[in-house]
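Visitor: The structure follows.
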Amino acid sequence: MTERIDRTLDMLRTIPGVEAATTADALPGIPGRAPREIKLVEGRSDDQPKLVADNRYVAASYFETLKIPLLAGERCRQTMSGLEAVTAPRPPMVQSALVSRSFANAYFPGLSPIGHRLVDAGGGPGALISGIVADTREQGLNVAPGPTVYWCFSAPGPTPFFLIRTIGDPAAIAGTVRRKMKELEPARAVFGLTPLEEHLNDAYRENGLRAAIVATFSISAVLLALVGLYGTLSYLVDVRRREVGVRLALGAQKQQIIGRFLAQGLRVATIACTVGLGVSVVFGRLLSGMLYGVSPADPTTLAFVTAIVLGGAGIALIVPSVRSALVEPMQVLRDE
């Protein structure tokens, strides 16, 4: 089985437009896998935490294809030299394993995991840790990178996922890939030939819909608040029309009148923003699962949103504030 899959990889790399090709037992960035316990052949003391990590079977070219940097050690080894069978019988013995930076930091703080031997506690293969790679969001774009073990084995099953990095548009070579694979193995069914971006979009379509609904309601709430602020200040200008007329008759400047009403409206908007920031800190964690690349209490985002609300409030307050300064004192006194 390994020879058949490796032969397919070699064929895929010869196709014009293919930069790299690899296999994996699961698509990267697609949620749904549960972490499993891993054990050290050398053992760990009772006071040390159990090794729990996301497990992925990948070909040696996985890291090159997905552009995952190697931080220490070496990539997947191609020979079995120096590697003993830890238990028997087990599934096919992998040559080596790489671990993520999160794995090294969590379970080997201040030490290097390279050279230690791992075994899958659930009955999987054993392997020697040969290197450390950068963290990736294997469990999903909205999930922080966690401890991950990459077992270097190109044939975890008879039908692994084939991942191809292309130089140009992936759709341009889709037909060639399908034809070449059928020529190599006529009995093989080639299906699901889709850009990885589309798989990710499908996996997060529900989250995207929820985010769009929340954004729509949020924008509507802000617009309603601004309309309410505009209406309140307009009413206040009408109620205080006589006062404004008297002030103007006594020599008050129009700029002072405008600034007074504008400051009064912005004071209300500032209080509302302060209350809103407090509520967002308290309830923001409920939306943390829908966020990507930002925390629920990200100061930059909160400051940006506050600036937008205050700016919108200022625009909504300009018209009634300016209208307050256009009051004719003589007309107001005559009406009274």
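Visitor: If you take the residues of segment 306-336 that are of a type in the set (S, T, N, Q) and under 29 Å from Ala272 (Cα atoms), which of them is modelled with the lowest pLDDT?
Guide: Ser324
Visitor: Could I ask something else about it? In this structure, does Gly115 turn out to be more than 18 Å from Val41 (Cα to Cα) and surrounded by fewer than 20 Cβ atoms within 10 Å (Cβ to Cβ)?
Guide: The answer is no for Gly115.
Visitor: Give, as residue ranges, the strands (runs of 3 or more DSSP E) completely inside segment 121-203 that count at least 2 residues that are closer than 28 Å to Pro16 by Cα.
Guide: 161-166
Visitor: Determine which member of the set Asp54, Asp6 is in a strand (DSSP E or B) and not aromatic (Phe, Trp, Tyr).
Guide: The unique qualifying residue is Asp54.
Visitor: Scanning segment 163-196 for residues that are modelled with pLDDT of 85 or more and within 24 Å of the chain's Cα centre (by Cα), which turns out surrounded by the fewest Cβ atoms within 10 Å (Cβ to Cβ)?
Guide: Among those residues, the one meeting the criterion is Arg165.
Visitor: Answer yes or no as to whether Ala21 is within 13 Å of Pro147 (Cβ to Cβ) and touching a Ser or Thr at 6+ places or on another chain (Cβ under 7 Å).
Guide: So Ala21 does not fit the description; no.
Visitor: Anything in segment 303-314 that is in contact with a Gly (Cβ under 9 Å, 6 or more places away or on another chain) and without any contact (Cβ under 8 Å) to a residue 60 or more places away in the chain? List them, or say none.
Guide: Residues satisfying the conditions are Val305, Thr306, Gly314.
Visitor: Can you pull out the residues in segment 223-235 that are surrounded by fewer than 16 Cβ atoms within 10 Å (Cβ to Cβ) and not hydroxyl-bearing (Ser, Thr, Tyr)?
Guide: Leu223, Leu224, Val227, Gly228, Gly231 - these are the residues of segment 223-235 that are surrounded by fewer than 16 Cβ atoms within 10 Å (Cβ to Cβ) and not hydroxyl-bearing (Ser, Thr, Tyr).
Visitor: A further question follows. Give me a count of the residues in segment 204-240 that are basic (Lys, Arg) and closer than 17 Å to Cys273 by Cα.
Guide: Residues in segment 204-240 being basic (Lys, Arg) and closer than 17 Å to Cys273 by Cα: 0 in total.
Visitor: For segment 204-242, give me each residue that is in contact (Cβ under 8 Å) with a residue 60 or more places away in the chain and under 30 Å from Val18 (Cα atoms).
Guide: Within segment 204-242, Tyr204 is the sole residue that qualifies.
Visitor: Any residue in segment 3-24 that is free of Cβ contacts under 8 Å to residues at least 24 places away in the same chain and within 16 Å of Lys182 (Cα to Cα) sitting within a Cβ distance under 6 Å of a residue that is of a type in the set (Gly, Ala, Ser) and surrounded by 14 or more Cβ atoms within 10 Å (Cβ to Cβ)? List the pairs, counting only those 6 or more apart or interchain.
Guide: Here the result reads Arg13/Ala21, each pair linking segment 3-24 to a residue that is of a type in the set (Gly, Ala, Ser) and surrounded by 14 or more Cβ atoms within 10 Å (Cβ to Cβ).
Visitor: May I pose another question? State whether one or more residues within segment 37-57 are surrounded by fewer than 12 Cβ atoms within 10 Å (Cβ to Cβ), closer than 22 Å to Pro160 by Cβ and modelled with pLDDT under 90.
Guide: no
Visitor: Which one of Gly251, Gly245, Gly278 is closer than 30 Å to Val305 by Cβ and either assigned to a helix (DSSP H, G or I) or of a type outside the set (D, E, K, R) (or both)?
Guide: Every option except Gly278 fails the conditions.
The values are calculated or read from the model by the stated rules, or taken from the named source; none is laboratory data. What you see is a predicted model, and the numbers here were worked out from it, not measured in a lab. Reconstructed Cβ throughout: ideal geometry from the backbone, glycine too, with neighbour counts over all protein chains shown.
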